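K.L.:
Structure incoming, see below.
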Number of protein chains: 2
Amino acid sequence: MSTPHSELPPVSSAARESALVKRLAGRGAEVASEPPSVWFMRQAGRSLPEYRKAREGTSMLESCLMPELVTEITLQPVRRHKVDAGIFFSDIMVPLKLAGIDVSIEPGTGPVLTHPIRSKADIDALPPVDDVYRAALEPIREAVRLTTHELDKKPLIGFCGAPFTVASYMVEGRPSRDHLRTRALMTAEPELWARLAQWVADISGEFLRAQVEAGASAVQLFDSWAGSLAEATYRAHVLPFSRAALDYVRDLDVPRIHFGVGTGHMLSAIHEAGATTVGLDHRTPIPTAIETLPAGTAVQGNLDPALLFSSEEARFAEAARIVREGRTAAGHVVNLGHGVPPETDPQVLTDLVAFIHEQ
Amino acid sequence: MSTPHSELPPVSSAARESALVKRLAGRGAEVASEPPSVWFMRQAGRSLPEYRKAREGTSMLESCLMPELVTEITLQPVRRHKVDAGIFFSDIMVPLKLAGIDVSIEPGTGPVLTHPIRSKADIDALPPVDDVYRAALEPIREAVRLTTHELDKKPLIGFCGAPFTVASYMVEGRPSRDHLRTRALMTAEPELWARLAQWVADISGEFLRAQVEAGASAVQLFDSWAGSLAEATYRAHVLPFSRAALDYVRDLDVPRIHFGVGTGHMLSAIHEAGATTVGLDHRTPIPTAIETLPAGTAVQGNLDPALLFSSEEARFAEAARIVREGRTAAGHVVNLGHGVPPETDPQVLTDLVAFIHEQ
């Protein structure tokens, strides 16, 4: 693959006008007669043997900065499962890495920071979000250009971790079940927290903008841990920074999906952070979400990943129900309620996509 | 301590008529002028140096079957923090162990079963819940008798894991973040699941009943993972079995607390499982819970454990708010929204109890 990526033609308007993108934008009525749209969070990843082969010998964060490899991995599930979009292969730690933070993904553990953020001095020492950072995003732009070219008429969804989740890793230094230090910092030192969260919002916003400018047709902001917060805490200490990140792409006219696990108690707040589309986990009934969110909001989700390990009968029954319920939304894109578990049988996903497309 | 425990006098009526127990029973109006009642989930445990010393060289499950040690550990936080109740020191795996299941608690990992439940044959092979099991509960009865004697006028809250959480461990074989196998079993083989869950309900119900008959003044059923379920799944596959467990103590006239993390999306169902008192995690605002639950229901909770690591100012402000909001419930007992983290400074808890008692 020796294409000079930066000279590739711009993304096809077919991708931006696809049924999936229209649905994410809340324009589902325009494509009501088309088959349901579906993709899966973490569809590109360890459940696929071709992924494990492609990644062999390359660390996670290295992989994310190799444009040809990112393209190959992003395309694998599109080719195999016939899903309606690619999700840009990346990791929530990539913007940190590109900003010069010393972070690695330890297999079996997850993200580990050499210097966790514990003090004002640590926050003072964060690198500026400037032209140097924007230049460092070039491998991301290259990967997006190449991927959107290969996807042709199918859209690419841009990927980014949200400020709270990313900042949690920075404060805790490694995966944490409870994020106690992070939640303690918010309440004990709200101004320090705000500076950290704004910094993450800036690197995240630039990261998203680079993807959209290079050809992504939508973006998803993943706030994996937002559900651990009470709504009042979320609104006071998190929402403004998720909004700041999404504001970086607001003028680019692409749907903005916002997803967090266990956020059923504060769906309106998740929407108010600047989403066109609210991602639902398996615990939030689609009718409840439609009723809670303002008219015109699209929803995405929310098949329980556990059903990938259940009987086909149970799985298809739930998928059919989700498609049916989704038809009453301004727009609905089928997805899981969380990422594809690594131990998933890929054939189960392929068959599920075919079933959903027949509905 | 060589008291012949089985000959101890019955539990004092003072404990059963304490403000805490009345509040748990929804009779808060009778004790409105008394100081707020408070205890902490996992108050007996690793946050206390005297606990670490007492437990030295004894495995978790062994400890739970040594009546004098259980009494000492249960009393430690009552002595130190002046909380208004003891929580019976035990582990959700103890009933399994007493029923003859090969289970151990691996330090740093958690409960591990030698033979996870994976098939009909595994379920067929579960031991009966009979007189042999009831006789095996004798160390529990002994520990409760001794503890309630030592607690004197303060109540002891009985402890038990709920069928879903315990059965999850049995199916997964070890701690699991997503409980995928368990949720898959429920939907793929609902009848097998029901047999397993009913078996756990029976050992749990007997375990609770033994504690109340020996002197506990209330019980708490911990369904740690229930919040991972959609409400429809909970109602179909879990609620009947939690109710079956709580039914074992329904005629004994003690308050029944039911708690799960992240259950804000299905509080009514948690109540309908047979609770007099719904335990709230830090994400569920007390006013929302009061509005959602039937009149007369008591609530317990829900200070964010992260505040134990924040400033005293932030912690006390939240505690005062929780006490204030709780006054509008039929009964309210202050607690954390989850267990005491092991790294908590014990003095923070002691000071917090004093502050709450002054409100």
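K.L.:
Rounded to the nearest 20 Debye, what is the dipole magnitude of the protein assembly as shown about its Cα centre when Lys and Arg each give +1 and Asp and Glu each give -1 at the C-beta?
P.N.:
520
K.L.:
Residue by residue through region B:240-256, which ³J(HN,Hα) values in whole Hz follow from phi under the Karplus form 6.51 cos²θ - 1.76 cosθ + 1.60 (θ = phi - 60°), with glycine and proline marked x?
P.N.:
So the J values, rounded to whole Hz, are x, 7, 5, 5, 4, 5, 5, 4, 5, 10, 4, 7, 9, 6, 10, x, 10.
K.L.:
Take the Cα radius of gyration of region B:254-294 and divide it by 2.2 N^0.38 Å, with N its residue count; two decimals is plenty.
P.N.:
Normalised by 2.2 N^0.38 Å, the Cα Rg of region B:254-294 equals 1.02.
K.L.:
Given a Förster radius of 22 Å and the C-beta distance between residue B:32 and residue B:152 as r, what FRET efficiency does 1/(1 + (r/R0)^6) yield to the nearest 0.05?
P.N.:
Efficiency computed from Cβ-Cβ geometry: 0.35.
K.L.:
Which value, in debye to the nearest 20, gives the size of the charge dipole of chain A about its Cα centre, when Lys and Arg are +1 and Asp and Glu are -1 at the Cβ?
P.N.:
Charge dipole, chain A, about its Cα centre: 380 debye, nearest 20.
K.L.:
Would you work out which of B:123, A:187, B:275 lies farthest towards the positive end of the dipole of the protein assembly as shown? Charges go on Cβ: Lys and Arg +1, Asp and Glu -1.
P.N.:
Comparing the listed Cα positions along the dipole, B:275 ranks first.
K.L.:
Hey, another quick one. Any idea of the accessible area per residue across the protein assembly as shown, 1.4 Å probe, to the nearest Å²? Each step should come with its number before you reach the end.
P.N.:
On the way: 26750 Å² over 718 residues.
Averaged over the residues of the protein assembly as shown, the accessible area is 37 Å².
K.L.:
So for each of A:58-71, B:57-70 I average, over its residues, the number of other beta carbons within 10 Å; can you give me the resulting order with the highest mean first?
P.N.:
A:58-71, B:57-70
K.L.:
So how much accessible area does residue A:206 have, in Å² to the nearest 10, using a 1.4 Å probe?
P.N.:
30
K.L.:
Run lengths n ≥ 4 of DSSP H only: what is the helix-derived mean residue ellipticity at 222 nm for the protein assembly as shown, with -39500 (n - 2.57) per run over all residues, to the nearest 500?
P.N.:
-13000 deg cm²/dmol
K.L.:
Reported to two decimal places, what Rg/Rh ratio describes region B:1-140 when computed on Cα atoms with Rh from the Kirkwood expression? Intermediate values should be presented prior to the final figure.
P.N.:
On the way: Rg = 18.4 Å, Rh = 17.9 Å.
Result: Rg/Rh = 1.03.
K.L.:
Quick one: which residues, 5+ away or cross-chain, put their amide H under 5 Å from the amide H of residue A:110? H built at 1.01 Å from N.
P.N.:
Under 5 Å from the amide H of residue A:110 lies no amide H from a residue far enough along the sequence or on another chain.
K.L.:
Could you work out, residue by residue across A:302-313, how many beta carbons of other chains sit within 10 Å of that residue's beta carbon, and then give the average as an integer?
P.N.:
Mean number of neighbouring Cβ atoms from other chains: 5.
K.L.:
Residue by residue through region B:200-214, what is 3J(HN,Hα) from phi via Karplus (6.51 cos²θ - 1.76 cosθ + 1.60, θ = phi - 60°)? Round to whole Hz and write x for glycine and proline.
P.N.:
5, 4, 5, 5, 6, x, 5, 5, 5, 4, 4, 5, 5, 4, 8
K.L.:
Compute the signed sum of charges (Lys and Arg +1, Asp and Glu -1) over the other residues within less than 9 Å, Cβ to Cβ, of residue B:86.
P.N.:
Details: positive: B:154; negative: B:150.
Neighbour charge sum, excluding residue B:86 itself: 0.
K.L.:
So what's the convex hull volume per residue for the Cα atoms of the protein assembly as shown, in Å³? Don't jump to the answer; show the numbers that get you there.
P.N.:
Values: hull volume 106.7 nm³, N = 718.
It comes to 149 Å³ per residue, whole-number rounded.
K.L.:
Normalized C-alpha radius of gyration of region B:320-359, against 2.2 N^0.38 Å? Numbers along the way, then the final one.
P.N.:
Details: Rg = 11.5 Å, N = 40, 2.2 N^0.38 = 8.9 Å.
Taking the Cα Rg and dividing by 2.2 N^0.38 Å, one obtains 1.29.
K.L.:
Hey, got the dipole for region A:51-165? About the Cα centre, +1 on K and R Cβ, -1 on D and E Cβ, debye to the nearest 20?
P.N.:
It works out to roughly 500 debye.
K.L.:
Would you please give the residues with an amide H less than 5 Å from that of residue A:161, counting only those at least 5 places away or on a separate chain, with H modeled from the backbone geometry?
P.N.:
A:222
K.L.:
Placing the label point 7 Å from Cα along the Cα-to-Cβ direction, what are the distances from residue B:119 to the equivalent spots in the other copies, shortest first, in nm to one decimal?
P.N.:
5.9
K.L.:
Using a basic spin-label model with each label point 7 Å from the Cα along Cα→Cβ, how many nm lie between residue A:59 and residue A:120?
P.N.:
In this crude spin-label approximation the distance works out to 3.4 nm.
K.L.:
Applying a 10 Å radius around every beta-carbon, put B:92-100, A:275-283 in order of their mean neighbour count, most first.
P.N.:
The densest-packed peptide leads the list: A:275-283, B:92-100.
K.L.:
Quick one: with all protein chains in place, what share of the accessible area of region A:236-359 is carbon or sulfur, to the nearest percent (1.4 Å probe)?
P.N.:
Roughly 51 percent of what the probe reaches on region A:236-359 is carbon or sulfur.
K.L.:
³J(HN,Hα) across region A:264-273 via Karplus (A = 6.51, B = -1.76, C = 1.60, θ = phi - 60°), whole Hz, x for Gly/Pro?
P.N.:
x, 7, 8, 4, 4, 5, 4, 5, 5, 5
K.L.:
So what is the relative contact order for chain A, in percent, with contacts set as C-alpha pairs under 8 Å and at least six apart?
P.N.:
Relative contact order for chain A comes out at 23 percent.
K.L.:
So if I restrict to the alpha-carbon atoms in region B:273-359, what is the Rg, and what is Dmax, the biggest pairwise distance, in Å?
P.N.:
Just the Cα atoms of region B:273-359 yield Rg and Dmax of 12.9, 38 Å.
K.L.:
Moving to a separate point now. Taking the Cβ of residue B:299 as the center, what net charge do the other residues with Cβ under 10 Å away carry, scoring Lys and Arg +1 and Asp and Glu -1?
P.N.:
0
K.L.:
What does the structure give for B:100-111 when I average, per residue, the other chain Cβ atoms found within 10 Å of the residue Cβ?
P.N.:
Taking all residues of B:100-111 together, the mean is 0.
K.L.:
Counting Lys +1, Arg +1, Asp -1, Glu -1, what net charge surrounds residue A:218 among other residues with beta carbon under 14 Å of its beta carbon?
P.N.:
Result for the neighbourhood of residue A:218: +4.
K.L.:
Starting from the Cα gyration tensor of region B:174-304, take the square roots of the eigenvalues, sort them a ≥ b ≥ c, and report rounded, prolate or oblate (rounded when a/c is under 1.5, otherwise prolate if a/b is larger than b/c, else oblate).
P.N.:
oblate
K.L.:
Just the C-alpha atoms of region B:118-225: what Rg/Rh do they give, with Rh taken as the Kirkwood radius?
P.N.:
Result: Rg/Rh = 1.05.
K.L.:
Obtain the nm distance between the two label points defined at residue B:130 and residue B:50 by a simple spin-label model: each point lies 7 Å from its Cα along the Cα-to-C-beta direction.
P.N.:
4.4
K.L.:
Just to verify a number: FRET efficiency for residue A:358 and residue A:253, C-beta to C-beta distance, R0 = 25 Å, to 0.05?
P.N.:
On the way: r = 32 Å, r/R0 = 1.27.
In this case the efficiency is close to 0.20.
K.L.:
Okay, next question. When only alpha-carbon atoms are used, what values of Rg and Dmax, in angstrom, describe chain B?
P.N.:
That works out to 19.2, 57 Å for Rg and Dmax.
K.L.:
For region B:244-315 and region A:264-321, write down the distance between their C-alpha centroids in whole Å.
P.N.:
Rounded to whole Å, the Cα centres lie 25 Å apart.
K.L.:
Give me a single rounded figure for A:175-184: the average over its residues of other chain Cβ atoms within 10 Å of their Cβ.
P.N.:
4
K.L.:
Continuing with the same structure: Going 7 Å from Cα along the Cα-Cβ axis for the label, what nanometre distances separate residue A:213 from the same residue across the other copies?
P.N.:
Label-point distances to the other copies, shortest first: 7.4 nm.
K.L.:
For residue A:66, which sequence-distant residues (separation of 5 or more, or a different chain) have an amide H within less than 5 Å of its own amide H, given hydrogens modelled in the peptide plane?
P.N.:
Residues meeting the amide H criterion: none.
The values are calculated or read from the model by the stated rules, or taken from the named source; none is laboratory data. What you are looking at is a predicted structure, and each value in this text was computed from that prediction instead of being measured. All Cβ positions, even for glycine, are placed from backbone atoms using ideal geometry, and neighbour counts span all protein chains on display. Surface accessibility is based on the protein's heavy atoms, side chains included, excluding ligands, DNA and RNA. Shrake-Rupley method; radii C 1.70, N 1.55, O 1.52, S 1.80 Å.
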